[in-house]
Amino acid sequence: MAMKAKVKPKAAKKAPKRSAAARKSIGLKAKAERFASRNGSRSPGKSPKGRAPKRKARVESDRTSVASAIAGSRSNAPPRPRSKHFANAVHAYEAAIKLMHAEDFGRAIRSFEDLIAEHPEEPEIQERAKVLIHACEKKLHENERTVLRSADDHYNVGVAELNRREMASAIQHLEHALKLNPKADHVLYALAAASAIQGDRDNALQHLKQAIHFRPENRFLAARDSDFESLKEDPDFRQLVTATEK
């Protein structure tokens with residue numbers, strides 16, 4: 001009787017051993033899944049069900065409230081329409097700013113004052129000009145201790161004193177400036193204003209007439225300048241500021 005050879009059963013293949021890092025990763029993943037299932041979410045890192053819509057609704061509510069607040073502020077304070085001379089006012093304001101940056105504070109003050117007189121329809125620009133006039137005057141006061149040599153030096157101090165209503169000192173510096181530069185229309189105009197404030201009609205009209213001669217635009221400034229308030233009803237003054245240049 002032939003003997004059959006015994007066939008050894010094939011040994012089952014052993015699963016490859018996982019590294020310690022892989023086993024740790026699987027363990028962490030399992031823990032994360034259990035944590036997610038307890039908190040009602042599908043995977044770690046995602047918000048639980050029902051929370052995301054609430055967050056979105058709150059954001060939309062915030063946006064709506066901000067939009068309504070903006071709309072309310074606009075309706076309560078509508079923008080004021082600009083006058084047809086707004087561009088000219090801005091140009092004059094920028095020119096005065098350049099003088100201020102160049103540290104020509106006296107001329108800057110004069111330019112800001114001209115701006116205020118010529119553009120009463122622009123209150124915002126006027127308010128800013130008044131603030132900068134004060135800043136220029138402060139700078140002039142700081143420089144008063146320096147030696148005054150030129151006509152502009154005396155003019156700058158004279159204008160600052162005039163604005164402070166220190167009339168004696170203002171006229172003294174302005175007259176000194178006029179001696180150094182007899183054709184300076186801005187000095188003549190300032191002297192005219194100082195004389196008008198003091199009630200000196202004759203000197204006010206004389207200086208103003210000369211200022212207009214060298215710069216005709218001064219007549220329009222004087223017509224609106226509150227420093228000449230005492231002469232508003234004077235017929236000679238009215239003729240001077242309304243006459244046309246021949």
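Quick look at the numbers
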item	result
Counted residues, the stretch 215-240 - those being assigned to a helix (DSSP H, G or I) and either free of Cβ contacts under 8 Å to residues at least 24 places away in the same chain or surrounded by fewer than 15 Cβ atoms within 10 Å (Cβ to Cβ) (or both)	8
From the options Leu191, Leu208, Leu174, residue that is in a helix (DSSP H, G or I), of a type in the set (A, V, I, L, M, F, W, C) and either more than 19 Å from Phe105 (Cβ to Cβ) or more than 37 Å from the chain's Cα centre (by Cα) (or both)	Leu208
Flag for Arg110 being in contact (Cβ under 8 Å) with a residue 12 or more places away in the chain and surrounded by fewer than 18 Cβ atoms within 10 Å (Cβ to Cβ)	no
Selection within the stretch 139-188 - loosely packed, with under 15 Cβ neighbours inside 10 Å, at pLDDT 90 or above and farther than 23 Å from Phe228 by Cβ	Lys179
Some residue of the stretch 68-85 being polar (S, T, N, Q) and at pLDDT 85 or above	no
Sole exception among (1) modelled with pLDDT under 90; (2) under 30 Å from His101 (Cα atoms); (3) not charged (D, E, K, R) for Gln210, by number	(1)
Subset of the stretch 114-164 that is among the hydroxyl-bearing types (Ser, Thr, Tyr) and in contact (Cβ under 8 Å) with a residue 12 or more places away in the chain - its residue that is nearest to Ala192 (Cα to Cα)	Tyr155
Search result, residues across the stretch 113-132 that are within 17 Å of the chain's Cα centre (by Cα), assigned to a helix (DSSP H, G or I) and crowded, with 21+ Cβ neighbours inside 10 Å	Ala129
Check on Ala135, assigned to a helix (DSSP H, G or I), under 32 Å from the mean Cα position of the chain (by Cα) and surrounded by fewer than 17 Cβ atoms within 10 Å (Cβ to Cβ)	yes
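The values are calculated or read from the model by the stated rules, or taken from the named source; none is laboratory data. These numbers come from a predicted model, not from an experiment. When we count neighbours, we look across all protein chains shown, and the Cβ atoms used for this are built from the backbone with ideal geometry, even at glycine.
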